[in-house]
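The values are calculated or read from the model by the stated rules, or taken from the named source; none is laboratory data. Worth saying up front: this structure is predicted, and the values here are computed from it rather than measured. So basically every Cβ, Gly included, is an ideal-geometry build from the backbone, and we count neighbours across all protein chains shown. When the accessible area is computed, the model is the full protein with side chains, heavy atoms only, and any ligands, DNA or RNA have been set aside. Shrake-Rupley method; radii C 1.70, N 1.55, O 1.52, S 1.80 Å.
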Amino acid sequence: MRTRIGRKISLNTLALIVFAFSVFPVYWMVLTAFKPTKDIQAETPSFFPTNITFSHFGTAVNADGFWLFWRNSALVAVSAVLMALVIACLAAYAVARMKWRGRQAFILMVFIAQMTPWEALLIPMYVIARDTDMLDKLTMLTLIYFMVTLPFTIVTLRGFLNAIPVELEEAAQVDGCNQFQAFRRIVFPLLAPGLLSTSLFGFITAWNEFAFANLLIIKNQDQRTLPVWLSSFSNTFGTDWGATMAAATLFMLPVLLIFLVLQGRVTAGVAAGAVKG
């Protein structure tokens with residue numbers, strides 16, 4: 001009994017240490033965003049807020065191009081996620097419910113695509129964008145983010161579909177529904193948690209992506225996304241770390257708010273998607 005208690009205490013302590021190391025950078029970013037400039041530049045850092053100011057957020061929001069780049073990021077991320085959901089939903093259903101030649105090979109290709117590192121695609125994507133005159137265009141970024149998020153979406157929805165009893169569709173077909181109607185009326189509503197979880201993770205991937213956006217947007221700076229703009233923010237404002245951290249905090253807020261609102265459904269979706277592969 002004592003050994004078990006001691007093991008739990010050790011594991012919980014280790015978990016708290018890992019949690020503290022993971023959360024501290026975010027805490028420091030938010031804390032710096034609310035600190036007055038004199039406190040940020042003080043020789044002795046303060047780990048708890050003493051004086052609070054919102055002026056840094058005003059500087060970030062009123063910075064040249066903030067809302068334009070925010071719109072670009074939202075447009076690219078939402079478009080890529082919607083495209084991935086539509087294609088992945090159909091592909092996952094075909095893999096989970098239908099038997100056809102090449103099915104196992106297709107699944108293997110999806111897993112290989114999911115494991116491929118993004119860095120390996122940087123140069124090929126740049127060459128393709130250059131040769132097709134797609135540099136400096138948000139359309140190219142949208143297609144790339146769609147391509148990157150599609151394998152994960154297919155794999156997750158496939159696992160979720162495998163967890164839905166096929167007998168529900170068969171009962172609907174007995175009642176007169178064809179296969180598409182059974183999917184639309186029975187399966188699709190049950191996919192809601194899985195769709196929410198995959199769309200959230202896809203949105204986070206596209207929203208935070210920096211390498212492709214920085215590589216493919218060269219001349220037309222109005223096509224930049226928030227991560228690229230944020231990387232040059234410190235150069236624009238010099239040593240104004242308060243405004244830089246405020247901009248980073250605002251950049252983080254959309255994903256955080258969406259996750260907090262959908263937390264229960266996202267957790268259910270991830271768990272259900274991992275039940276059967």
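When Ala247 is tested against the conditions (1) touching a residue at least 40 places away in the same chain (Cβ under 8 Å); (2) closer than 21 Å to Leu85 by Cα; (3) buried (at least 18 other Cβ atoms within 10 Å of the Cβ), the lone failure is (2).
Determine, yes or no, whether Phe259 is hydrophobic (A, V, I, L, M, F, W, C), open to solvent by less than 50 Å² (accessible area, probe 1.4 Å) and assigned to a helix (DSSP H, G or I). Before you say what the answer is, go through the steps one by one.
Working: hydrophobic (A, V, I, L, M, F, W, C): yes; open to solvent by less than 50 Å² (accessible area, probe 1.4 Å): no; assigned to a helix (DSSP H, G or I): yes.
In short, no.
Here is a list: Val95, Val86, Val110. Which entry is closer than 21 Å to Glu169 by Cβ, in a helix (DSSP H, G or I) and in contact (Cβ under 8 Å) with a residue 40 or more places away in the chain? If you could, list the steps in order and put the result at the bottom.
Values: Val86 fails: in contact (Cβ under 8 Å) with a residue 40 or more places away in the chain; Val110 fails: closer than 21 Å to Glu169 by Cβ.
Among Val95, Val86, Val110, only Val95 is closer than 21 Å to Glu169 by Cβ, in a helix (DSSP H, G or I) and in contact (Cβ under 8 Å) with a residue 40 or more places away in the chain.
Counting the residues of region 98-107 that are farther than 16 Å from Leu150 by Cβ and either in a helix (DSSP H, G or I) or not assigned by the TED database to the domain that holds Glu169 (or both) gives 3. Tell me, yes or no, whether region 165-172 has at least one residue that is assigned to a helix (DSSP H, G or I) and of a type in the set (Val, Ile, Thr). Checking region 165-172: at least one residue is assigned to a helix (DSSP H, G or I) and of a type in the set (Val, Ile, Thr). Restricting Leu195, Leu168, Leu161 to residues that are over 19 Å from the mean Cα position of the chain (by Cα), open to solvent by less than 50 Å² (accessible area, probe 1.4 Å) and over 30 Å from Ile128 (Cα atoms) narrows the list to Leu161.
Just so you know, in region 35-71 the residues that are free of Cβ contacts under 8 Å to residues at least 40 places away in the same chain and in a helix (DSSP H, G or I) include one that is farthest from Thr244 (Cα to Cα), and it is Arg71.
One residue alone among Met147, Met125 is free of Cβ contacts under 8 Å to residues at least 12 places away in the same chain and either assigned to a helix (DSSP H, G or I) or over 30 Å from Trp70 (Cβ atoms) (or both), and that residue is Met147.
Scanning region 112-128 for residues that are modelled with pLDDT under 85 and of a type in the set (Phe, Trp, Tyr) yields one hit, Trp118.
On the basis of being at pLDDT 90 or above, part of a helix (DSSP H, G or I) and in contact with a Phe, Trp or Tyr (Cβ under 9 Å, 6 or more places away or on another chain), does Ala74 make the cut? Yes; evaluated as a whole, the condition is true for this residue. Would you check which residues across region 69-119 are within 15 Å of the chain's Cα centre (by Cα) and among the aliphatic types (A, V, I, L, M) and list them? Across region 69-119, the qualifying residues are Ala74, Leu75, Val76, Ala77, Val78, Ala80, Val81, Leu82, Met83, Ala84, Leu85. Taking the numbered list (1) polar (S, T, N, Q); (2) in contact (Cβ under 8 Å) with a residue 40 or more places away in the chain; (3) out of contact with any Asp or Glu (no Cβ under 7 Å at 6 or more places or on another chain) in turn, Asn214 passes all entries but (2).
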